[in-house]
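Structure, as C-alpha cells:
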Amino acid sequence: MHEDTPEITELVLKAAQKARKETSSEPEPDLTQPLHWPINCTVGPGLEGAIACESKIGYVNGAKGWLIYCGYDIFDLCAHSTFEEVSYLLLHGRLPTELQLRRFTAKLRRYRHVPQTLRRVMSFPIEEMNTMAALRLCTNMMRQEFTKRDLEASRPALRDAVYSDEDSIPMETVPTGEEHAIYEFERKRRAQRTPDGASDLESCYHLIAGVATFAAAIARIRSGAMPLEPDPELSHAANYLYMITGKRPTPQEERVMDIALILHADHGMNASTFAAMVVASTLSDIYFSVGSGIAALNGPIHGGANERALRMLHEIGHRDNVEAWFKKARTQKRKIMGFGHRVYKAYDPRARVLAPLAKYLARKNKEVLPLFQTAKKLEKVAVAELGKNKGIFPNVDFFSGLVYRCMDIPPALFTPTFAVARVAGWAGRVLEYLQHNRIFRPRAMYTGHFNKTYADIAGRRKK
Ligand code: COA
C-alpha cells in the first residue's frame, strides 16, 4: 500500500522511531486487565478517573505518549493503513481481509452518494448556521433515510433493556463503592442484545460515509457553491477533499488527509465519545448517538482548538516575534493554543506525525510556510519552559490546522473534519458498549436544603 507516496511513509516512520526512542515500551498490566466488577477507583468531578466499562477498541497512555487502536500502534496504522481499513478495524475489532475491505469500500461508495437527503438539507439555511449545527442536522436527515428505524418492529425489544432504576445503586447508599453495589442485575439479559444486527452495522457504514459528504457539502454551500457528487473512483480521504475544493487532490494531499483522519478516528472515553455512548445506552439509535457526539465536539474545550491555534499563529505574525509574544502570554497567564492535554503529559503521538506532514505541505505554500515557521519556533520556546517541568507539549491541534490550510480546508470546517474522522470511533465504541449494555446512570451528591416550606408566589421575596 502507498507505493506512490513513499516520502510520506518515510516521514511517519521517522516520527515513530523518534517516539519509540523517547518513550518506554513497558506495558501496563494494572491498567489493561479485565476488571472484576464492582471496582473501587478514585473519581474526580466530571467523572475524572472513573472507569465506566471495558473496551478493546483503543488505549491511550498519556505518560508515555501511546495511542493504540485494537492493538495496533497509531504510527503503524498511519504508515501502512488507510482510513477505510481503520474504520473497519474500529467497527469489527480486526483488520479486513481483501474481500472484506472490497465489500466495505463498496458500501461506503454507495452511502457517500446521498443526493435526495442533500436536496432536503439544502432547504435549510445552512450558510447561516454554525457548521457543527448544520452537520448535526444532516445526521438527523440521514436518519430519515432509514425510516424503517421508526417502525415498531425494528425498535429494540424492551425485554433487552436493563432499566436505569430497577437495579441501580439506591440514592441513599453511602458511596464507598463496596458491598452490594451495582452489578447485581441479570447478566443473561445483557447478553441478549448483540451489535451484529445488520441494521446497526449498516447505519454505522452509512454514517461514516455520509458525514464526510455532508461536511463537504456544508463547506460548499457556505462558500456559495453547489455541493459536489462524490467521485466513485476516489478513496474516502480523496473524496472528502474533492467534494470540498472541487479539485482532485494530489496523491500526497490524499495521503496526508487520510493520515489526519486515521489520527482523529478514536481517542478513548473523551467527552464526545462518552456523549455518544450515553445516548446509545438508552437504546436510542446510532444516528442520535452520533448527533450527540457532534454536539459535544462543538464545545471549544473539546474540538476546535486547531482553529484557535491557527488564529494565534496569525496573531504572532512572524517567527521573530515568538519570544516576546510568549513572554507576554506567560505573564498574562494565557494558554498556548494547541498545547497541553488532559491525558497526554508526554508528547502527543498525533502531533509527532502531523508536524512533519505540515512541514512537507507548507514548503510549497507561500501563505502557510511563515505560519509553520512561527509554529516551530513557538514549539521550541514553549517546550523549553513548559515541557519537562509541567508535561505540556504540542497536542494534535497545534499542527492539524496548518495541515488543513495547506489543503484548502476552510477554518470553519476544521471541527466538522474532526467529526468526519471521529464518527468511526463513536460508532465502534457504541457497537462495543451495546454488547454489554447498561444505561449510564451516575449520581450527583445532593447538597441542597430539606424541609423548606412552600410559599405562595405572592409571598415570595426576591433574594
Ligand atoms: N499553555 C500554557 N499553560 C498551560 C496550557 C497551555 N496550553 N495548558 C495547561 N497549562 C497550565 C495551566 O495554566 C495550569 O498551570 P498552573 O498549574 O500553573 O495553574 C496547568 O498547566 C494545568 O492546567 P489545566 O488546564 O488544569 O490542565 P488540563 O490537563 O486539565 O488541561 C487542556 C488540558 C487541553 C484543557 C489545556 O491544556 C488547554 O486548555 N490547552 C489549550 C487548548 C487546547 O489546545 N485544547 C486542545 C486539546 S486536544
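The values are calculated or read from the model by the stated rules, or taken from the named source; none is laboratory data. Nothing here was measured: the structure is a model prediction, and the numbers come from that model. All Cβ positions, even for glycine, are placed from backbone atoms using ideal geometry, and neighbour counts span all protein chains on display. We work out accessible area using only protein heavy atoms, side chains counted, and drop any ligands, DNA or RNA first. Shrake-Rupley method; radii C 1.70, N 1.55, O 1.52, S 1.80 Å.
Measuring gaps between exposed loop sites in the chain (GluC sites (Glu not before Pro); DSSP loop; at most 15 other Cβ atoms within 10 Å), the longest gap, sites not included, is 234-366. Summed over qualifying helices (DSSP H, 4 residues or more, each -39500 (n - 2.57)) and divided by its residue number, the chain shows a 222 nm mean residue ellipticity of -16000 deg cm²/dmol.
Computed with a 1.4 Å probe over protein heavy atoms only, the accessible surface of the chain comes to 52 Å² per residue. Given R0 = 25 Å, the distance between the Cβ atoms of Q116 and D408 translates into a calculated FRET efficiency of 0.35.
Couplings 3J(HN,Hα) of the range 255-269, computed from phi: 5, 5, 4, 4, 5, 4, 5, 4, 5, 9, 5, 8, 7, x, 8 Hz, in residue order, whole Hz [Karplus 6.51 cos²θ - 1.76 cosθ + 1.60, θ = phi - 60°; x for Gly and Pro]. Computed from backbone phi with θ = phi - 60° and the Karplus coefficients 6.51, -1.76 and 1.60, the 3J(HN,Hα) list for the range 68-84 is 10, 10, 6, x, 9, 5, 4, 5, 5, 5, 5, 6, 10, 9, 9, 4, 4 Hz; x is used for glycine and proline.
Give me the net charge of H236's neighbourhood, meaning all other residues with Cβ under 10 Å from the Cβ of H236; Lys, Arg count +1, Asp, Glu -1.
-1
Any idea what % of Cα-Cα pairs in the chain are farther than 38 Å? I get 28 percent for the Cα pairs in the chain exceeding 38 Å. Amide hydrogen proximity for F339: with H placed 1.01 Å from N in the peptide plane, the residues at 5 or more positions away or on another chain lying under 5 Å are N395.
Using 0.36 nm per residue, how much length does the chain from R94 to Q33 gain when fully extended, once their Cα-Cα distance is taken away? Once the chain is fully extended between R94 and Q33, it gains 20.0 nm.
Applying 1/(1 + (r/R0)^6) with r as the Cβ-Cβ distance of T42 and R330 and R0 = 35 angstrom yields a FRET efficiency of 0.65.
Need one number: the % of Cα-Cα pairs in the range 318-463 sitting beyond the 22 Å mark. Summing the P(r) of the range 318-463 above 22 Å gives 59 percent of all pairs.
A cut-off under 12 angstrom between Cβ atoms defines the neighbours of T9, and their net charge, with Lys, Arg +1 and Asp, Glu -1, is -4.
Between I457 and N130, what length in nm is gained on full extension when 0.36 nm per residue of separation is reduced by their alpha carbon distance? Working shown, then result.
Values: separation 327, 0.36 × 327 = 117.72 nm, distance 4.00 nm.
This chain segment gains 113.7 nm when fully extended.
With the simple model of a label 7 Å out from the Cα in the direction of the Cβ, Q435 to K366 spans 5.5 nm. The Cβ shell under 14 Å around K452 holds other residues with a net charge of +2, Lys and Arg each +1, Asp and Glu each -1. Roughly how many Å is it from the Cα centre of the range 261-290 to that of the range 8-82, as a whole number? Rounded to whole Å, the Cα centres lie 18 Å apart. One compactness figure for the range 1-104 is 1.32, namely its Cα radius of gyration divided by 2.2 N^0.38 Å.
A simple rule links phi to the HN-Hα coupling: the Karplus curve 6.51 cos²θ - 1.76 cosθ + 1.60 with θ = phi - 60°, which for the range 395-400 gives 10, 4, 7, 5, 9, 5 Hz, with x for Gly and Pro.
Taking the 1.4 Å solvent-accessible surface of the chain as the whole, the part contributed by carbon and sulfur is 54%. How long is the gain from K14 to E54 if the chain were fully straight, where each residue apart is worth 0.36 nm and the alpha carbon distance is subtracted? Answer, rounded to one decimal: 11.1 nm.
The mean sequence distance of close C-alpha pairs (under 8 Å, at least 6 residues apart), as a share of the length of the chain, puts its relative contact order at 23 percent. Think of each Lys and Arg Cβ as +1 and each Asp and Glu Cβ as -1; about the Cα centre, that makes the dipole of the chain roughly 1600 debye. Size descriptors for the range 279-321 (Cα atoms only): Rg and Dmax, in that order, 17.1, 55 Å.
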